[in-house]
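For reference, the structure is listed below as structure tokens.
Throughout, read-outs are computed from the coordinates displayed, never taken from laboratory work. Note that the coordinates shown come from a computational prediction; the quantities given were computed from them, not determined experimentally. No Cβ is skipped: glycine too gets one built from the backbone with ideal geometry, and neighbour counts run over all protein chains shown.
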Amino acid sequence: MSHADFLTSPFDTPVELPGVDITGPGRFHNRELSWLGFNWRVLEEAENARVPLLERLRFLSISANNLDEFYTVRVAGLRELARAGNTTPAVDGLTPAEQLVLINEDARKLMQAQQRIYGQLLIELKERNMSVLKLDDLTDDDRAYLKEYFLTQVFAVLSPLAIDPAHPFPFIPNTGYALALQLERVRDKRPLQALLPVPASIDRFVSVPTDIGQRFLPLEELLILNIGGLFPGYKLKEYFEFRVLRDSDLEVEDEAEDLVREFEVALKRRRRGEVVRLSLSAGAPPKLKAVVMDELGVGDAELIEIDGMIGVDDLSELVIDERPDLLWPTFTPRVPERVTDFEGDMFAAIRQKDMLLQHPYETFDMVVRFLQQAARDPKVVAIKQTLYRTSKKSPIVEALCAAAEDGKSVTALVELKARFDEAANIRQSRRLERAGAHVVYGFIDLKTHAKISTVVRREGADLVTYTHYGTGNYHPITARIYTDLSLFTCDAKLGRDATKVFNYLSGYAQPEELSNLAISPSNLKARLLEMIAAEAEHAKAGKPAEIWAKMNSLVESEVIDALYAASQAGVKISLVVRGICGLRPGVLGLSENIRVKSIVGRFLEHSRIVCFGNGRGLPHKKARVFMSSADWMGRNLNRRVETLVEIENPTVKAQIVSQVMAANMADVAQSWVMAPDGSFFRPPVTEGTFEFNCHRFFMENPSLSGRGSAGASDVPKLTHTKD
């Protein structure tokens, strides 16, 4: 599919939406239902026969993990609003209570589909000599092995708990998994109710020896097999499994004197949040089920009965390296040719010209090397770094600590409010402080989501600032999966812009006269609206007018309305939105010139890019091109510190427009097209025709600006060999 095809297919004629008021709230698609739609697309990859079998299992696990987080944050928040009697509608017109009804209906269907797909995958795995066993499948030798395994690897970690007046119901943490047991004493038939919490430290699947392939027994089956050893003198009458999800949103006092200490307390509160979902085995014994529901404070609205596996996200344990035949072919990220030309010297490579890398196709190790080299270089006098999410044993934090211990001036902006990474970030901040770094926590009421790093180096009589701008986190693990852009530059203007942002974060000094940068919450949204309006003016003047944009989510109402207005003025707008999209494309009289697609495949699309034709259409060397840390959401544009970096280097511009964005537009193999009603579907493909795959294209073609001797004319053609 060419870019032109994407613009005109499948909606050659814009459609009307009967019963939808496109002049009112109906012009927006609900955010929460759109997110669920994205998770359906993730789940459908688990049924995609072109995806390797264990990777399909991974997609199933990801869809379950996504849904868990959705419940613990988004559903928990809506539930709280509804309980408080809040009837304020979202921009699409739905109240919190109305949204919860629709979410509950769709999420239950999604969970049923997960179980159906799991059953299908089990059959296919067994055909490939990889089995998930039940107790009836075990031989005598298996049982002997598992008894020894239980005694040596599991028994000591378990804490079986009676439920009676002397033993109050235990606390089950968020994502906690347990067995509820109805037992009977053998000698006098006296009943006993008990719980067996399953510690998260124990693997969910136990490998059972076999001569061919792999066999696994779920942990719950192993526990049932050994109930007699846990409750001597009792026999098991009935049981069920259950799993708890709790409200995981954080509340922090605005006037907290010690932000770190306040977050440590808030993290403990999160662990004890109210239950927002209780999943339990279908057919659970009514009396025992009633006890668990009553003790957890759960009603029917929070209860989901599962006919199958509870805790589907644990299936990620079965995605094992021992079966490369069932995984994606190995891909090793490239080291850019230019860095190799300079024998690994990042500063020399950047000095030659700006360099834009696309991860994971070019290795994130270049970002790590940039900071490690800075830490060792005696000419480096200062390093400044934002840290939103990073890994446990972060090589970036290691480098910053080494630089600080070496006497360099190191400033680290650590964002404590990075959801689900707060505890890790607190640990990293303490470590940086011990090494002598200046640790800044930014603003209480704003998250710092910008991805910036600066290294100041003395070169002769001058101080030269080397700057890294990114669209993704400084996290070497997720950088193997997420597609992101990394811009390395020693352009003085971009260096000054970055320094002003750091001064804003550390000293609250509002930056003025930024050259190539816009930041939220001050002027990033205004810059976007200004550029969209300018494109509309080009269209009204009869000039070519076009916008290409790529992001994770699009829900900000003012931006959506600006895109609608531009479409009505004649601007051709092509959007690649991975996840949530509140805009309705292809609607007569509203958005007939807007097309939206979502790419879901081997890698997780994460980079944020926007290109404006600037009166010349796209692609064009005089287009205005930006990369950003921000999605087009209210939180990013109004309540976070984010960056929008204008790209002026001709080679980097050509790379973004004619390589990165053009390949995303041309993708067919992994693309879903959005319909006006908010649903997505795969574009039809003629039997036997080649389907372009942008992930494969990027794996096979190096980033233009990272090549050793490349010019703007060297953009690879969007073709490659057929499967």
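Values computed for the structure shown
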| quantity | calculated |
| --- | --- |
| Spatially near lysine pairs across segment 140-326, Cα under 25 Å, sequence gap of 8 or more or different chains | 10 |
| Listed peptides 348-355, 203-210, 550-557 by packing density, highest first (mean Cβ within 10 Å) | 550-557, 348-355, 203-210 |
| Long-range amide H partners of Ser131 with built H, under 5 Å | Gln214, Arg215, Phe216 |
| Overall form of segment 335-401 per C-alpha gyration tensor (a/c, 1.5; a/b vs b/c) | oblate |
| Helix-only mean residue ellipticity at 222 nm for the chain, each DSSP H run of n ≥ 4 adding -39500 (n - 2.57), per residue, nearest 500 | -10000 deg cm²/dmol |
| Ordering of 226-236, 55-65, 212-222 by packing [mean C-beta count within 10 Å, highest first] | 55-65, 212-222, 226-236 |
| Residue among Ser567, Ser629, Tyr508 farthest towards the positive dipole end of the chain, charges placed on Cβ | Tyr508 |
| Lysines with Cα under 19 Å of Lys543, excluding same-chain neighbours fewer than 8 positions away | Lys572, Lys621, Lys622 |
| Degrees, to the nearest 10: 557-569 long Cα axis against longest axis of the chain | 50 |
| Built amide H within the under 5 Å cut-off of Val206, gap 5+ | Leu217, Leu219 |
| Rounded to 10°, Cα long-axis angle of helix 140-149 versus longest principal axis of the chain | 70 |
| Segment 607-648-segment 207-229 distance, computed between alpha-carbon centres (Å) | 52 |
| Sequence-distant residues sharing a close amide H with Val440 (under 5 Å, placed H) | Ala412, Leu413, Val414 |
| Proximal lysines relative to Lys384, as straight alpha-carbon distance under 17 Å, when same-chain residues fewer than 8 apart are discounted | Lys408, Lys451, Lys493, Lys500 |
| Packing-based ranking, highest mean first, of 583-592, 503-512, 73-82 given that Cβ atoms within 10 Å are counted | 583-592, 73-82, 503-512 |
| Residues Cys694, Cys581, sorted so that the one with the fewest Cβ neighbours within 10 Å comes first | Cys694, Cys581 |
| Among Ala348, Ala534, Ile656 - extreme Cα towards positive end, dipole of the chain, charges at beta-carbon | Ala348 |
| Extension gain from Asn638 to Arg682, taking 0.36 nm per residue of separation minus the Cα-Cα distance | 12.5 nm |
| Pair Asp345, Glu16: separation of 7 Å Cα→Cβ label points (nm) | 6.9 |
| Whole-Å semi-axes of the ellipsoid equivalent to segment 338-512 (Cα gyration tensor, √5λ, descending) | 23, 19, 16 |
| Sorted by Cβ neighbour density within 10 Å, fewest at the top, the residues Ile306, Ile481 | Ile481, Ile306 |
| Percent RCO, i.e. relative contact order, over segment 410-514, from Cα pairs under 8 Å lying at least 6 residues apart | 22 |
| Helix 422-435 vs. the chain, principal-axis angle (Cα, 0 to 90°, nearest 10) | 60 |
| Per residue Cα convex hull volume in Å³ - calculated over the chain | 185 |
| Prolate/oblate/rounded label for segment 152-236 (Cα gyration tensor, a/c 1.5) | oblate |
| Dipole moment magnitude, nearest 20 debye, the chain about Cα centre, only Lys, Arg, Asp, Glu C-beta charged | 1020 |
| Cα-centred dipole magnitude for segment 140-326, charges only on beta-carbon of K, R (+1) and D, E (-1), debye, nearest 20 | 1160 |
| For segment 38-156, the Rg and Dmax computed from alpha carbons only, in angstrom | 20.4, 62 |
| Cα centre as origin, Lys/Arg/Asp/Glu Cβ charges: segment 568-671 dipole, Debye | 80 |
| Whole-number percent relative contact order across segment 338-512, with pairs defined as alpha carbons under 8 Å at least 6 apart | 27 |
| For segment 95-100, Karplus couplings with θ = phi - 60° (6.51, -1.76, 1.60), whole Hz, Gly/Pro x | 6, x, 5, 5, 5, 4 |
| For segment 466-473, Karplus couplings with θ = phi - 60° (6.51, -1.76, 1.60), whole Hz, Gly/Pro x | 9, 10, 10, 10, x, 9, x, 6 |
| Beta bridges by DSSP in the chain, antiparallel share as percent, to the nearest 5 | 70 |
| Burial ordering of Ile304, Ile224, fewest other beta-carbon atoms within 10 Å first | Ile224, Ile304 |
| Calculated FRET value between Asp307 and Glu47, using beta carbons and R₀ = 30 Å, to 0.05 | 0.95 |
| ³J(HN,Hα), Karplus 6.51/-1.76/1.60, whole Hz, each residue of segment 31-45, x for Gly, Pro | 4, 5, 5, 5, 5, 4, x, 4, 5, 4, 5, 4, 5, 5, 5 |
| Distance between modelled label sites at Asp164 and Ala526, nm, 7 Å Cα→Cβ extension | 7.1 |
| Sequence-separation-based contact order of the chain, relative, with Cα cut under 8 Å and 6+ spacing, percent | 13 |
| Partner aspartates and glutamates for Lys134 [C-alpha distance under 14 Å; skip if fewer than 8 residues away on the same chain] | Asp142, Glu220, Glu221 |
